[in-house]
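Reviewing the structure listed below.
The values are calculated or read from the model by the stated rules, or taken from the named source; none is laboratory data. All of these numbers come straight from a predicted model, not from anything done at the bench. In this analysis, Cβ positions are derived from the backbone assuming ideal geometry, glycine residues included, and neighbour counts consider all displayed protein chains.
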């Protein structure tokens with residue numbers, strides 16, 4: 001039976017798909033969370049997989065943001081050290097899917113070096129970390145993951161032309177035992193749109209940031225940095241489905257689902273589990289998105305940082321479910337102001353939902 005194991009990842013994402021029964025179990029790790037996730041929560045989960053006689057059939061880095069990449073970087077570094085020392089590995093890894101920034105956004109452009117120069121010059125103007133810094137660090141961390149996988153002889157993006165995972169180039173389905181995966185994002189159009197937005201962002205801000213010494217300018221620029229594009233997947237086994245969205249945009253996801261032929265005649269899709277895009281940010285989805293893509297269980301990985309999950313997002317989900325006459329569950333990795341306000345403002349009995357929050361100190365929870 002297909003299950004989703006949600007690892008505590010603070011403001012980031014770290015998910016493990018589980019399918020099958022021992023000894024023939026399939027495991028897919030999607031993202032590794034920010035700093036502290038691997039040592040604090042993920043390593044123990046991976047050791048349980050190893051001790052149960054299984055491995056990671058696939059590791060997926062949805063995109064190169066630090067709050068998704070650092071845990072995978074730490075895993076790969078540990079595997080490298082264990083190989084050098086000749087000691088038992090934390091867990092065996094069969095394959096890696098990872099779209100490098102250079103391949104997806106920076107290919108054929110000078111975006112990456114311009115971005116690094118911009119942030120180096122802007123560093124003198126502030127003494128705080130912004131999400132722009134995190135994005136730049138994520139590019140480097142993604143490169144480290146790929147280099148480690150190469151050293152460890154872990155195949156990368158096998159079966160995808162041009163080393164690029166996209167809806168347009170993906171096989172119809174990818175089978176891992178009884179589990180099948182369908183790529184539903186990004187499309188090549190999504191990637192080209194993001195490439196142009198990165199260029200526009202750089203043109204707008206690099207001159208002002210390199211000449212202005214006010215921290216507020218860097219903060220203003222940070223608020224509009226283009227999101228990186230996520231690998232998004234539909235997993236299915238035994239009629240049970242999970243839609244894994246990374247930090248993708250709702251409109252991009254709907255385009256990808258349509259391209260993959262997964263929307264019905266009413267241009268809708270129902271799944272058992274939906275991992276909310278971008279930690280429940282209301283900038284990545286609309287109420288219309290949740291009317292089109294529905295689920296029995298909604299998963300949000302966020303701890304309140306950057307306001308995630310937004311109350312508006314949670315409200316849209318429970319409002320749509322009530323309007324459609326569906327009972328749902330909402331799984332949250334952390335109690336946040338938004339989850340508290342959801343309970344206060346949208347009575348669970350009236351709206352027909354149940355909110356399940358991960359217990360304090362727990363490594364993970366299962367849907």
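Things worth noting here:
- Subset of segment 52-77 [assigned to a helix (DSSP H, G or I) and surrounded by fewer than 19 Cβ atoms within 10 Å (Cβ to Cβ)]: 77
- Residue list for segment 26-51, restricted to those being in contact with a strand residue (DSSP E or B) (Cβ under 8 Å, 6 or more places away or on another chain) and either assigned to a helix (DSSP H, G or I) or at pLDDT below 95 (or both): 37, 41, 42, 45, 46, 49
- Whichever residue in segment 248-269 is out of contact with any helix residue (DSSP H, G or I) (no Cβ under 8 Å at 6 or more places or on another chain), in contact (Cβ under 8 Å) with a residue 60 or more places away in the chain and not in a loop (DSSP other than H, G, I, E, B) and, among such residues, is surrounded by the most Cβ atoms within 10 Å (Cβ to Cβ): 257
- Segment 25-37, subset over 19 Å from residue 94 (Cβ atoms) and in contact with a helix residue (DSSP H, G or I) (Cβ under 6 Å, 6 or more places away or on another chain), residue surrounded by the fewest Cβ atoms within 10 Å (Cβ to Cβ): 35
- Selection of helices (runs of 4 or more DSSP H) fully inside segment 278-352 by the criterion of at least 2 residues being surrounded by 15 or more Cβ atoms within 10 Å (Cβ to Cβ) and touching a residue at least 12 places away in the same chain (Cβ under 8 Å) returns 287-292, 311-324, 337-345.
- Qualifying residue in segment 80-97 (condition: surrounded by 15 or more Cβ atoms within 10 Å (Cβ to Cβ), assigned to a helix (DSSP H, G or I) and in contact with a helix residue (DSSP H, G or I) (Cβ under 9 Å, 6 or more places away or on another chain)): yes
Yes or no, residue by residue, for (1) at pLDDT below 95; (2) over 18 Å from the mean Cα position of the chain (by Cα):
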| position | (1), (2) |
| --- | --- |
| 233 | no, no |
| 263 | no, yes |
| 278 | yes, no |
| 283 | yes, no |
| 294 | no, yes |
| 303 | no, no |
| 306 | yes, no |
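- If the condition is being within 11 Å of residue 353 (Cβ to Cβ) and either modelled with pLDDT under 95 or more than 19 Å from the chain's Cα centre (by Cα) (or both), then segment 316-336 contributes 317, 318, 319, 320, 321, 322, 326, 327, 328, 329.
- Here segment 353-367 is the region considered, the condition is being touching a strand residue (DSSP E or B) at 6+ places or on another chain (Cβ under 9 Å) and closer than 15 Å to residue 10 by Cα, and the residue that is surrounded by the fewest Cβ atoms within 10 Å (Cβ to Cβ) is 359.
- The lone exception for residue 75 - which of (1) under 22 Å from the mean Cα position of the chain (by Cα); (2) touching a residue at least 60 places away in the same chain (Cβ under 8 Å) it fails: (2)
- Against the test of being on the phi > 0 side of the Ramachandran plot and either outside any helix (DSSP H, G or I) or modelled with pLDDT under 75 (or both), the options 138, 123, 108 yield a single qualifying residue, 108.
- Leading residue by the ranking (modelled with the lowest pLDDT) among those in segment 1-24 that are surrounded by fewer than 21 Cβ atoms within 10 Å (Cβ to Cβ) and more than 17 Å from residue 38 (Cα to Cα): 23
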